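Below is one structure, written out as structure tokens; comments come after it.
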Amino acid sequence: MKLIFLGPPGAGKGTLAVQAKDLLGIPHISTGVIFRDAIAAKSPLGLEVKAIIDAGKLVEDETTIALVKERLAQADAQKGYILDGFPRTIAQAEALETVSTVDKVVNFDIPDSGVIERLSGRRVCRKCGYNFHTVFNKPKKEGTCDFCGGEIYVREDDKPSAVAKRLDVYRAQTQPLIDFYRKKGLLVDIDASHLVDETIVSFRKALGI
Ligand code: AP5
Ligand code: MG
């Protein structure tokens, strides 16, 4: 199954994708994770995108499209994938159509108040990337990842000024994709404002799995 997870920052795309990839046996491809790994490795890509991401802006379409095309060409993506955080612009959606068909686009519906609550409490493992939350998903030991023992930190783009920018960017550049995919008959809406276990149930129901 070839899926796109679409929704505002902090809607829970990454959290649900981690469960859905096991359920469906397909890879979870997050452009945000690819960029953050590149930043941590201080690779040329990481150096190119760090300031853009920290400020909550979008990386250039050309750079993002090239890396997704390369990732989708790999063997594990041939049987299906979850694309989390891509496409984010109409140009990216059109570029995707040139290399792959898509079965469904899952639209994570959540009000801004929910987004802000989730992003302000998010804590991320520096080593394995797992997303914790200060209220909804606390690590057993403060500051330490339950799974790999890595250090837990606050993403630079989860600081309030970057969150406001990300929401503006989402409305201006990504939200138009809802209509783009609805018109193609690919969109399924899920109410993403409930707890993770309930959201997974809505997801399975929406996809009939
Ligand atoms: P990216 O990493 O994709 O960030 P994002 O879209 O802003 O989404 P987030 O990762 O912030 O949120 P999420 O929906 O995954 O929520 P999560 O599951 O973590 O992109 C980062 C940056 O990279 C972009 O700003 C841009 O600069 C660049 N970039 C990436 N893709 C690009 C592209 N295609 N083009 C150009 N630039 C691109 O959950 C959030 C928190 O809530 C967590 O703490 C979690 O524990 C908690 N939580 C999750 N679900 C629930 C729930 N159901 N109930 C309670 N708490 C929950
Ligand atoms: Mg994410």
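A few remarks follow.
- Loop-located trypsin sites (Lys or Arg not before Pro) in region 138-209 (DSSP state other than H, G, I, E, B) with a sparse environment of at most 10 neighbouring Cβ atoms within 10 Å: LYS140.
- Given charges at Cβ of Lys, Arg, Asp, Glu: the chain dipole, positive-most of LEU96, THR144, TYR81: THR144
- Net charge dipole size for region 34-136 [Lys, Arg +1 and Asp, Glu -1 on Cβ; Debye, nearest 20]: 580
- Here's the list of aspartates and glutamates a cross-link from LYS127 could span, going by alpha-carbon distance under 14 Å and ignoring same-chain residues fewer than 8 apart: ASP37, ASP146, GLU151.
- Sequence-distant lysines (8 or more away, or on other chains) whose Cα lies within less than 23 Å of LYS79: LYS2, LYS13, LYS21, LYS69, LYS104, LYS184, LYS205
- For region 86-186, chymotrypsin sites (Phe, Trp or Tyr not before Pro) are listed when DSSP marks them as loop and at most 15 other Cβ atoms sit within 10 Å of their Cβ; the list is PHE136, PHE147.
- Counting neighbouring beta carbons within 10 Å and listing from fewest to most, the residues ILE200, ILE152 come out as ILE200, ILE152.
- Sorted ascending by nearby beta carbons within 10 Å, beginning with the fewest, LEU47, LEU3 become LEU47, LEU3.
- Label-point separation in nm, THR98 to THR134, each point 7 Å along Cα→Cβ: 4.4
- Taking a sphere under 13 Å around the Cβ of ASP54 and counting the other residues whose Cβ falls inside, with K and R at +1 and D and E at -1, yields a net charge of +3.
- Sequence of HIS133, HIS194, HIS28 once ranked by neighbouring C-beta atoms within 10 Å, starting from the fewest: HIS194, HIS133, HIS28
- The peptide list 111-117, 32-38, put in order of mean Cβ contacts within 10 Å with the highest first, becomes 32-38, 111-117.
- Cα-Cα pairs of the chain separated by more than 30 Å (percent): 16
- Leading residue at positive end of dipole, the chain (Cβ point charges), from ALA206, PHE132, ILE65: PHE132
Bear in mind that the values in this text are calculations on the coordinates, not laboratory data. The shown structure was predicted, so the numbers you read here are calculated from the model rather than taken from an experiment. Glycine gets a Cβ as well: all are built from the backbone with ideal geometry, and neighbour counts include every protein chain shown.
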